[in-house]
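Notes follow the structure.
The values are calculated or read from the model by the stated rules, or taken from the named source; none is laboratory data. Only a predicted model underlies this, so the values are computations on that prediction, with no experimental measurement involved. Here Cβ is always computed from backbone atoms with ideal geometry, including for glycine, and neighbour counts include all displayed protein chains. Note: accessible area is taken over every heavy atom of the protein model, side chains too, but ligands, DNA and RNA are not part of it. Shrake-Rupley method; radii C 1.70, N 1.55, O 1.52, S 1.80 Å.
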Amino acid sequence: MPTRSPDSRPRTSRLVAGDPVSVVVADLAEVERRGPRKFADPAAWLVRSALERARPAPAAGGTVGVIGISEVATRQTLLAVAADAARGHSSPRRFVAAGPGTLIGLGCVEFGYTGPSLLLTMPEAPGRELAGVLAEDWLMSEPPAACRVAIVSYTVDAPEAHRATCHWITAAGTGASA
């Protein structure tokens, strides 16, 4: 299958995007954590919260894809991993929790999303453009790789302003709401 660069891809109204939903906290300790995944990076819980607040009613069948965008790591988790290592006790679970994929992996596990997923470690603006191209490919391929795609980002807007933003994209005319 030939590939096209993002610049050569025709821009059409083949996609429907839901309204973005943002969750902002001053301190990641404020983000609600549920379940047994206590070592997950606090930013992953914030992203999970944005996914939950933005997600549409469940679609009948099909897979859900998730594309994450972030160029920052969570200082809290990196310091916890370093402190554990300095004490001579470094939990493999803590290292997994510090991995960049945890940012979107937690939400995928929590909500049972089994479609394609990808974390773009880059600035938000160009990341959103690339994520849109990828989502279009996933939704419009034959057969579609996903019936809908969540695009979620995590940024730190100021020392005390952690933000996760999520919006859903579907193919136009599929009957699935974004």
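Descriptive notes on the structure:
- Peptide ranges 18-30, 110-122, 140-152 listed from the most packed, as the mean C-beta count within 10 angstrom indicates: 140-152, 110-122, 18-30
- Put Glu136, Glu32 in order of accessible area, highest first, and with a 1.4 Å probe you get Glu32, Glu136.
- Taking a sphere under 13 Å around the Cβ of Gly18 and counting the other residues whose Cβ falls inside, with K and R at +1 and D and E at -1, yields a net charge of +2.
- Model label sites at Val109 and Glu71, defined 7 Å from Cα along the beta-carbon direction, differ in position by 2.9 nm.
- Shape of the range 114-178, Cα gyration tensor, a/c cut at 1.5: prolate
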